[in-house]
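As structure tokens, the structure follows; a few thoughts come after it.
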Amino acid sequence: MSSLMVSSSGIRGVVGDTLTPDIALSVGASFGSIIGKGPVILGGDTRISYDCITASVIAGLLSVGTDVIQIGKVPTPTVQQLIKMHHAKGGLVITASHNPIIWNGIKLMNETGSFLSDEHYKQFISTYESGSYTFQPYNKLGVLSYDHCAIEKHIDLILSTIDVASIQDSGLNVLVDANNGTGALADPILLDKLGISYTIINKEADGHFSHDPEPLEKNLNHIKDELKKGDYDIGFVQDADADRLVILDQNGRFIGEDYSLALCVDYVLSYEKNKAPIKDVVVNLSTSNVITDIVKQNHGTIHQTKIGEPNVTAKIKELNAIVGGEGNGGVIYPEVGWGRDSLVGIVLALNYLAKSKKTVSQIVSTYPNYVMIREKLTVSDPNDIPKLLTKIKDKYASYSQNQEDGIKVFLDSGWVHVRPSNTEPIIRVFIEQPTQEQAESLLKDVLSLT
């Protein structure tokens, strides 16, 4: 049996194996029990299992007396925004984000649209594991209602924070790969409002992903070819629930997840710096040094947290940071909201092109060049994880180390970060070096310890 992955952001499992309707119902009932009357916002991505899991979660929520506002298939950040707009007590998103199609999950959010605090997470887990929730009689059941305009409300909020006119006057031509996820529902609305030319590929929001949902370079040959054939200024790719974004330049070159975030951070620090007196930027420990370099060039301060959107968001709130994100293409812009948002990333990138009058390749060519390798190691025995971390600690004992989240070693020319995943039964290895040869050599050294 596959593992059911449980973390502060929710659960993920293989549908029909570790994630079943009875588990989904229990998650809904447990969450409703700690939230109370509500209401809560519920939406999800386009996965084929959406209807099954959603129906079970709603049943669980209503059965313990929690009111539900169902907003349908929407990007994850749309749920986060609607929580605030409806003054809801929390929210749930039916999604497994970048995981393969056989997976689904349930993300859990509090009244601010952020993931659960440690305290609320412990409450939820305790209730879920013990089954200590109470089904209510007919006259105390929760009430189900609907909001059919959620995506439009989310997009209008984004557009209220940016210079729309610059984009409208730019004459830009955009190509987007929505991979049949929720971006396919939101992108046409956003790009129509921006008044620019665009083409969307893989635009059927039916959950039949045209390629692996994780927006990695190896999965993006189709959009690369389309960019080379067409007269486009930029290419965008989203994951299934449209919280992550990666960028390709006008020639079809994938600039990388970290450099996609870098471009957005660079824009905010260069053109929106009046929105924060102190330019604090928050990223996670596995984010490229290119972000650090850009922040320093703009006289800002970089802060790093443990992996995971809840950790980055908490630090952004603490510092009142101007922008943040994760190196996997997750842009967090507090001017709009507290979560990763691909739609925000799109408008920031387009504004950069419009205002700078530069191409993507011209902008990125000014950034320092780093080579990032991301490797996944399958875990057959969980006891092997601490053993590997200890071996790495000992091998690189003479170097500075951070052990907040697995282990990160700061080497002379780069770094290596090894940690267990929160969302998959794997170990993640992140390596950054100035050249491909150095990165591959370091990876070989690390893998020799497994």
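The values are calculated or read from the model by the stated rules, or taken from the named source; none is laboratory data. Only a predicted model underlies this, so the values are computations on that prediction, with no experimental measurement involved. Note that we place each Cβ from the backbone using ideal geometry, even for glycine, and neighbour counts take in every protein chain shown.
Sort out for me the strands (runs of 3 or more DSSP E) sitting completely within region 97-212 that have 3 or more residues that are under 30 Å from K228 (Cβ atoms). Before the answer, list the steps.
Working: elements: 103-109, 144-146, 173-177, 197-201.
Output list reads 173-177, 197-201.
Just give me the residues in region 194-249 being among the β-branched types (V, I, T) and surrounded by 21 or more Cβ atoms within 10 Å (Cβ to Cβ), in sequence order. I'd like the intermediate steps shown before the answer.
Filtering region 194-249 down to residues among the β-branched types (V, I, T) leaves 196, 199-201, 223, 234, 237, 246-247.
Of everything in region 194-249, those that are among the β-branched types (V, I, T) and surrounded by 21 or more Cβ atoms within 10 Å (Cβ to Cβ) turn out to be I223, I234, V237, V246, I247.
Looking at region 393-410, which of its residues are part of a loop (DSSP other than H, G, I, E, B) and either more than 28 Å from the chain's Cα centre (by Cα) or charged (D, E, K, R) (or both)?
Y396, A397, S398, Y399, E404, D405
With I83, I167, I162 as the choices, which residue is outside the structural domain of D239 (by TED's automatic domain parsing) and within 30 Å of Y271 (Cβ to Cβ)?
Values: I167 fails: outside the structural domain of D239 (by TED's automatic domain parsing); I162 fails: outside the structural domain of D239 (by TED's automatic domain parsing).
Criteria check complete, one pass: I83.
Where in region 291-368 are there helices (runs of 4 or more DSSP H), lying wholly inside it, with at least 1 residues that are assigned by TED's automatic domain parsing to the domain that holds D243 and under 19 Å from N402 (Cβ atoms)?
It comes to 309-319.
So which of S160, S170, S166, S126 is within 28 Å of D17 (Cα to Cα) and either charged (D, E, K, R) or out of contact with any Asp or Glu (no Cβ under 6 Å at 6 or more places or on another chain) (or both)?
S126
Would you call I34 under 23 Å from T313 (Cβ atoms), modelled with pLDDT of 95 or more and not in a helix (DSSP H, G or I)?
Working: under 23 Å from T313 (Cβ atoms): yes; modelled with pLDDT of 95 or more: yes; not in a helix (DSSP H, G or I): no.
The answer is no for I34.
Residue check, I316 against (1) at pLDDT below 95; (2) hydrophobic (A, V, I, L, M, F, W, C); (3) buried (at least 24 other Cβ atoms within 10 Å of the Cβ), all met but one. Which one?
(1)
Could you identify the single residue in S166, S160, S170 that is modelled with pLDDT of 95 or more and loosely packed, with under 15 Cβ neighbours inside 10 Å?
Exactly one residue qualifies, and that residue is S160.
Do we have T66 as in contact (Cβ under 8 Å) with a residue 60 or more places away in the chain, assigned to a loop (DSSP other than H, G, I, E, B) and not hydrophobic (A, V, I, L, M, F, W, C) here?
Yes, satisfied.
Are any residues in region 394-423 within 15 Å of V446 (Cβ to Cβ) and of a type in the set (D, E, K, R), and if so, which ones?
D394, K395, K408, R419, listed by residue number.
Looking at (1) in a helix (DSSP H, G or I); (2) within 13 Å of S342 (Cα to Cα); (3) over 18 Å from the mean Cα position of the chain (by Cα); (4) of a type outside the set (K, R), which one does G235 not meet, given that it meets all the others?
Tallying (1) in a helix (DSSP H, G or I); (2) within 13 Å of S342 (Cα to Cα); (3) over 18 Å from the mean Cα position of the chain (by Cα); (4) of a type outside the set (K, R), G235 fails exactly one: (1).
Out of all the residues in region 8-51, which are closer than 19 Å to S114 by Cα, under 20 Å from the mean Cα position of the chain (by Cα) and not acidic (D, E)?
Answer for region 8-51, where residues must be closer than 19 Å to S114 by Cα, under 20 Å from the mean Cα position of the chain (by Cα) and not acidic (D, E): S8, S9, G10, I11, R12, I41, L42, G43, G44.
I'd like to verify a number: residues in region 369-392 that are among the polar types (S, T, N, Q), part of a loop (DSSP other than H, G, I, E, B) and in contact (Cβ under 8 Å) with a residue 40 or more places away in the chain, how many?
1
Scan region 394-416 residue by residue and report those that are touching a strand residue (DSSP E or B) at 6+ places or on another chain (Cβ under 9 Å) and more than 27 Å from E257 (Cβ to Cβ). Quick ask: steps written out before the conclusion?
Pass one, region 394-416, residues touching a strand residue (DSSP E or B) at 6+ places or on another chain (Cβ under 9 Å): 395-396, 399-402, 404-411, 413-416.
Hit for region 394-416 is K395, nothing else.
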